[in-house]
Amino acid sequence: MPSGRSSETEPGAIWWETMSEDERQMTLNNPSAVLLIDDNAIQAATRQTILRRAGYYVIAALNPVRALEQFRNQEFPAPIGAVITDHLMPGMSGSEFVRELRRTHPDLPVMVISGLEEAEDEYAGLNARFLLKPLSPELMLSNLREILGPLAQEQGAA
């Protein structure tokens, strides 16, 4: 388990133990951060905890407009390697956020989590992975590893 955690009763231990050695190394060796955008502070905190316990460096944002501003001004404390965003948020939907993000970051891995199945059509052509709520921690983590996979392979070949 990353960060010296060894308790078998800790929730993150289950996910860490189900990962292959290659997946663990990818997680531990990834110097970039996962940007988590969700206006629901409780859901954001829960997902942030799951991701951190799985070894990811997570930056949480409650506002997609502010997150775009931080991208434009390069205000994040680490390079962003992937984005996980909610779909329904005040001020800007997830699809509007992804559309704007694609102008400057066309290849950045993006995962969208929504409770609205019909929202998936809004992400057509935006190169984003769409997942429905409720979403188990295992499914979130396996999808994150999958979308990071090609990027990690490219970085290893460079």
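Every number here is computed from the coordinates shown, using simple stated rules; none is lab data. Remember, predicted model here, so these are calculated numbers, not experimental data. Neighbour counts run over all protein chains shown; Cβ positions are idealised from the backbone, glycine included.
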Within segment 41-69, restricting to residues that are among the charged types (D, E, K, R) and under 14 Å from the mean Cα position of the chain (by Cα), the one that is farthest from residue 100 (Cα to Cα) is 53
Just the residues that are assigned to a helix (DSSP H, G or I) and more than 17 Å from residue 93 (Cβ to Cβ), please, taken from segment 104-119. 104
Any hit, segment 82-90, residues being assigned to a loop (DSSP other than H, G, I, E, B), in contact with a helix residue (DSSP H, G or I) (Cβ under 7 Å, 6 or more places away or on another chain) and either free of Cβ contacts under 8 Å to residues at least 40 places away in the same chain or under 14 Å from residue 38 (Cβ atoms) (or both): yes
On the given criteria, is residue 96 among the acidic types (Asp, Glu), farther than 20 Å from residue 43 by Cβ and part of a helix (DSSP H, G or I)? no
Output for segment 120-143, where each listed residue is in contact with a Ser or Thr (Cβ under 8 Å, 6 or more places away or on another chain) and either in a loop (DSSP other than H, G, I, E, B) or under 15 Å from residue 86 (Cα atoms) (or both): 120, 122, 123, 126, 130, 131, 132, 133
Which members of segment 83-110 meet the condition of being among the aliphatic types (A, V, I, L, M) and crowded, with 22+ Cβ neighbours inside 10 Å? 83, 84, 98, 101, 110
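Here are 117, 138: which of them is over 14 Å from residue 33 (Cα atoms) and out of contact with any Leu (no Cβ under 8 Å at 6 or more places or on another chain)? Before you say what the answer is, go through the steps one by one.
On the way: 117 fails: out of contact with any Leu (no Cβ under 8 Å at 6 or more places or on another chain).
From the options 117, 138, the qualifying one is 138.
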Residue satisfying all of: in segment 39-81; assigned to a helix (DSSP H, G or I) and touching a helix residue (DSSP H, G or I) at 6+ places or on another chain (Cβ under 6 Å); surrounded by the fewest Cβ atoms within 10 Å (Cβ to Cβ) among these: 68
